[in-house]
Amino acid sequence: MSTLGLTAAGAASAAVSASSRPATIATTPTATTSQAGYEASGRDFRYISATLTVPDTDFLTDIYPQEYIQLANGSLGGGDQYVRAGIESCTVAQSFGYSSCPTGDWTSFIEAWDNSTNGPYFSHYSLLSGVSQGDGVNFSIYYDESGNEFHFVIAPPSTSGPVQYYKTQAYGALFGYADALDDFTDSTGTPIPLPFFLNGFRINQFLQGAVTTEGGIRGSFVGPWTTTEIEATSNGLLYPQGTVRVSPSSLWSDGLSANGAVRPDDAFGVWAR
């Protein structure tokens with residue numbers, strides 16, 4: 001692990017003219033037992049960034065989910081390689097071996113996974129001290145295909161420390177999926193039972209979403225690719241066969257610049273239903 005002197009915007013600065021291929025929003029969500037958010041597919045991707053907010057409720061510090069952005073070569077990280085960055089509670093981080101993370105606090109994390117190495121070959125935690133509910137932490141992941149490296153930028157609030165830069169080797173995958181997700185999957189890879197929520201509430205938000213294809217075409221959570229809503233249900237089946245437990249709001253525009261421009265459909269919230 002080593003630091004880099006690059007910026008989130010500069011990590012994927014090469015842009016090309018927009019493709020004539022239109023953006024597609026899938027009409028049918030994908031149901032899971034453990035994940036909720038949005039997934040981009042139909043292109044190969046080299047960059048994703050977003051500002052993730054610290055969850056809005058105190059009791060979530062003692063349970064899952066993780067919340068993260070991700071590049072993967074299988075849908076929802078189901079392939080043999082993925083790379084992700086985001087926020088999790090210290091309770092979750094402790095289950096992954098980060099013993100110095102105090103229960104009740106939040107930490108940022110990075111994880112790169114390659115099945116040929118039988119698990120994560122790179123991980124990093126950074127305690128988010130001094131953050132409050134709703135504070136935003138900006139993350140970006142850039143796949144430098146020519147250098148075969150992943151570059152990460154983590155920008156916490158100024159009360160929680162300076163901007164951090166990391167890099168690690170890559171293993172040559174093409175990442176056909178870009179995700180922004182809340183994930184109720186434990187450290188053994190098993191979906192945990194989703195709580196039954198008597199009253200709906202917002203868990204967190206994803207803001208300033210930005211994605212770049214391998215060819216340099218930029219978008220927000222939408223672009224010249226297919227964007228699919230992901231929802232977590234009681235049994236992994238769509239309503240009415242399953243009961244929706246956690247799902248994202250519709251995409252909306254926060255008016256904030258990301259990856260060089262202000263774009264529509266760059267934000268959403270994740271709600272317990």
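Note on region 253-273: among residues that are among the hydrophobic types (A, V, I, L, M, F, W, C) and farther than 16 Å from Leu181 by Cα, the one that is surrounded by the most Cβ atoms within 10 Å (Cβ to Cβ) is Ala258. Which of the residues that make up region 88-118 are modelled with pLDDT under 85, over 19 Å from Phe184 (Cα atoms) and outside any loop (DSSP other than H, G, I, E, B)? Asn115, Ser116, Thr117 - these are the residues of region 88-118 that are modelled with pLDDT under 85, over 19 Å from Phe184 (Cα atoms) and outside any loop (DSSP other than H, G, I, E, B).
Output yes when any residue across region 199-207 is aromatic (Phe, Trp, Tyr), in a strand (DSSP E or B) and under 19 Å from Ser49 (Cα atoms), and no when none is. There is at least one residue in region 199-207 that is aromatic (Phe, Trp, Tyr), in a strand (DSSP E or B) and under 19 Å from Ser49 (Cα atoms). Filter region 189-236 down to the residues that are among the aliphatic types (A, V, I, L, M) and modelled with pLDDT of 95 or more, then identify the one that is farthest from Ala261 (Cα to Cα). Taking the candidates together, the pick is Ile230.
Give the residue, chosen from Val246, Val222, that is out of contact with any strand residue (DSSP E or B) (no Cβ under 6 Å at 6 or more places or on another chain), among the aliphatic types (A, V, I, L, M) and touching a residue at least 12 places away in the same chain (Cβ under 8 Å).
Numbers: Val246 fails: out of contact with any strand residue (DSSP E or B) (no Cβ under 6 Å at 6 or more places or on another chain).
Going through Val246, Val222 in turn, the sole match is Val222.
Against the list (1) touching a Ser or Thr at 6+ places or on another chain (Cβ under 8 Å); (2) in contact (Cβ under 8 Å) with a residue 40 or more places away in the chain, the condition Tyr143 fails is (1). Considering Ser41, Ser20, the condition of being assigned to a loop (DSSP other than H, G, I, E, B) and either modelled with pLDDT of 95 or more or over 20 Å from the mean Cα position of the chain (by Cα) (or both) is satisfied by Ser20 alone. In region 84-116, of all residues being among the aromatic types (Phe, Trp, Tyr) and more than 18 Å from Pro55 (Cα to Cα), the one that is surrounded by the most Cβ atoms within 10 Å (Cβ to Cβ) corresponds to Trp113.
The values are calculated or read from the model by the stated rules, or taken from the named source; none is laboratory data. It should be emphasised that the depicted structure is a prediction, and the values quoted were computed from it without experimental measurement. Methodologically, a virtual Cβ is constructed for each residue, glycine included, from the backbone with ideal geometry; neighbour enumeration extends over all protein chains shown.
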